[in-house]
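**Q** Mind looking over this structure? Questions follow.
The values are calculated or read from the model by the stated rules, or taken from the named source; none is laboratory data. For clarity, every value in this text was computed on a predicted model and none was experimentally measured. Cβ sites come from the backbone with ideal geometry, for glycine too, and all protein chains shown count toward neighbours.
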Amino acid sequence: MRYHDSPPPPESASPIPSDRPWFTRRSTLVVAVAALAPACLAGWVLAQVLTGAGRAEGHDAKPPVATGGNPAVSPSAPAIPAAAKGPLTGRTVVIDPGHNTGNFQHTDEIDQQVDIGTARKECDTTGTTTNSGYMEAEFTLDVSLRLRTVLEAQGAKVVLTHEADRPWGPCINERARIGNEAKADAVVSVHADGVSAGSRGYHVILPAKVKGGAADTAAIVEPSRRLGERIAGNFARTTGSAPANYLGSGTGLVVRDDLGGLNLSTQPKVFIECGNMRDAKDAAQLTSPEWRQKAAQGIADGIVGFLGG
Ligand code: ZN
């Protein structure tokens, strides 16, 4: 039922004012036709056409039938995409693709210091690359777009902090603000690490309890840990990757107090470092589209588990 599954229109574009005159006009026409119908076959035909036009407005899932010259039933009219129903219906998830492929060309801008409450820190960083030059920022955006698709299919409203639609950034304080202003039920910042070869595996970074300036994570420490644990477990299951062998004591979980994106968040939030781009075996996974799909699925499954789906 396309009509009932359609998302509610934005408040600024309520259909009521524009629909009502049409409906009123049609009702008047139907009444007029009905009065003539007993004696007039042409009236009956007209009534059928009007009824068919009513269905074509979206009260029936059948595709509209082209009648030639009536734009209201043109099969080429763009359909309103149906919002998926699922365990995340009514939930908002913000995905933060780490870094930006343009950051390498905008070092002056991303080196600006911003206030993260507990300290001042660079606006953003370039991120790492594999030894063959595949950029972390390409990886994070690709996984984020895949993750958005999976989450939207589960009914979530998804907001990305950027999607290659700006030359650099956003700054880490803006990334946090986007999650806060969206009142996100969960926020995930997607990354891959760049440490020495032989260091392998994923880890999820949880916010430490910090307070200073605009930073106060007391309310998000506990739910963020639950979110992170869910993501870590599901990521391991879908990708087959092991928890990082170079930090986190084999748990795949690390607590940090120096990340502006976490310190400034008021919503449950974690980072995930999906693997080590500087290790050849991890890089072989990170550069595989099939593996990235598994990574996105694992993160999504973790979010669904956290949100009680
Ligand atoms: Zn990163």
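**Q** Of the residues S199, S189, only one is surrounded by 16 or more Cβ atoms within 10 Å (Cβ to Cβ), closer than 25 Å to G102 by Cα and not β-branched (V, I, T); which? Give the steps one after another, and end with the answer.
**A** Values: S199 fails: closer than 25 Å to G102 by Cα.
Going through S199, S189 in turn, just one is surrounded by 16 or more Cβ atoms within 10 Å (Cβ to Cβ), closer than 25 Å to G102 by Cα and not β-branched (V, I, T): S189.
**Q** A follow-up question, please. Keeping to the range 105-124, report how many residues are touching a Phe, Trp or Tyr at 6+ places or on another chain (Cβ under 8 Å), of a type outside the set (A, V, I, L, M, F, W, C) and within 13 Å of the ligand (Cβ to nearest atom).
**A** Residues of the range 105-124 that are touching a Phe, Trp or Tyr at 6+ places or on another chain (Cβ under 8 Å), as a first pass: 105-106, 109-110, 124.
Filter once more, keeping what is of a type outside the set (A, V, I, L, M, F, W, C): 105-106, 109, 124.
Filter again for within 13 Å of the ligand (Cβ to nearest atom), leaving 124.
Of the residues in the range 105-124, 1 are touching a Phe, Trp or Tyr at 6+ places or on another chain (Cβ under 8 Å), of a type outside the set (A, V, I, L, M, F, W, C) and within 13 Å of the ligand (Cβ to nearest atom).
**Q** Since N245 meets every condition but one in (1) surrounded by fewer than 24 Cβ atoms within 10 Å (Cβ to Cβ); (2) of a type outside the set (S, T, Y); (3) touching a residue at least 24 places away in the same chain (Cβ under 8 Å); (4) not in a loop (DSSP other than H, G, I, E, B), which condition does it not meet?
**A** (4)
**Q** Is it fair to say N263 is polar (S, T, N, Q) and in contact with a Lys or Arg (Cβ under 7 Å, 6 or more places away or on another chain)?
**A** No.
**Q** Take the conditions in contact with a Pro (Cβ under 7 Å, 6 or more places away or on another chain) and within 14 Å of the ligand (Cβ to nearest atom) and apply them to L160. Does it pass?
**A** It is false that L160 is in contact with a Pro (Cβ under 7 Å, 6 or more places away or on another chain) and within 14 Å of the ligand (Cβ to nearest atom).
**Q** If we keep just the residues of the range 163-185 that are in contact with a Pro (Cβ under 9 Å, 6 or more places away or on another chain) and hydrophobic (A, V, I, L, M, F, W, C), which is surrounded by the fewest Cβ atoms within 10 Å (Cβ to Cβ)?
**A** The residue in question is A164.
**Q** Looking only at the range 125-138, filter to residues that are within 9 Å of the ligand (Cβ to nearest atom) and closer than 16 Å to E163 by Cβ; which one of those is surrounded by the fewest Cβ atoms within 10 Å (Cβ to Cβ)?
**A** G127
**Q** Of the residues V150, V195, V190, which is among the β-branched types (V, I, T), on the phi < 0 side of the Ramachandran plot, outside any helix (DSSP H, G or I) and under 19 Å from the mean Cα position of the chain (by Cα)?
**A** On inspection, the qualifying residue turns out to be V190.
**Q** Which residues, counting only those in the range 273-307, are aliphatic (A, V, I, L, M) and closer than 14 Å to H191 by Cα?
**A** Taking the range 273-307 first, the residues aliphatic (A, V, I, L, M) are 277, 280, 283-284, 286, 295-296, 299-300, 303-304, 307.
Answer for the range 273-307, where residues must be aliphatic (A, V, I, L, M) and closer than 14 Å to H191 by Cα: M277, A283, L286, A295, A296, I299.
**Q** Given the conditions (1) in contact with a Lys or Arg (Cβ under 9 Å, 6 or more places away or on another chain); (2) part of a helix (DSSP H, G or I), and given that G233 satisfies all but one, which numbered condition is not satisfied?
**A** Exception for G233: condition (1).
**Q** For the range 83-136, which positions are in contact (Cβ under 8 Å) with a residue 24 or more places away in the chain, among the polar types (S, T, N, Q), assigned to a strand (DSSP E or B) and within 28 Å of K209 (Cβ to Cβ)?
**A** Correct list: T92 only.
**Q** Would you mind finding the one in S265, S288 that is at pLDDT 95 or above and farther than 13 Å from T239 by Cβ?
**A** Just one listed residue meets the conditions, S265.
**Q** Now for a separate question. Which count do you get for residues in the range 255-309 that are of a type in the set (K, R), in a helix (DSSP H, G or I) and more than 14 Å from G194 (Cα to Cα)?
**A** 2
**Q** What are the pairs with Cβ atoms under 6 angstrom where one residue, in the range 143-157, is in contact (Cβ under 8 Å) with a residue 40 or more places away in the chain and the other, located anywhere, is hydroxyl-bearing (S, T, Y) and not in a helix (DSSP H, G or I)? Sequence gap at least six, or different chains.
**A** Once the first residue is in contact (Cβ under 8 Å) with a residue 40 or more places away in the chain and sits in the range 143-157, its partners that are hydroxyl-bearing (S, T, Y) and not in a helix (DSSP H, G or I) give G155/T89; K157/T92.
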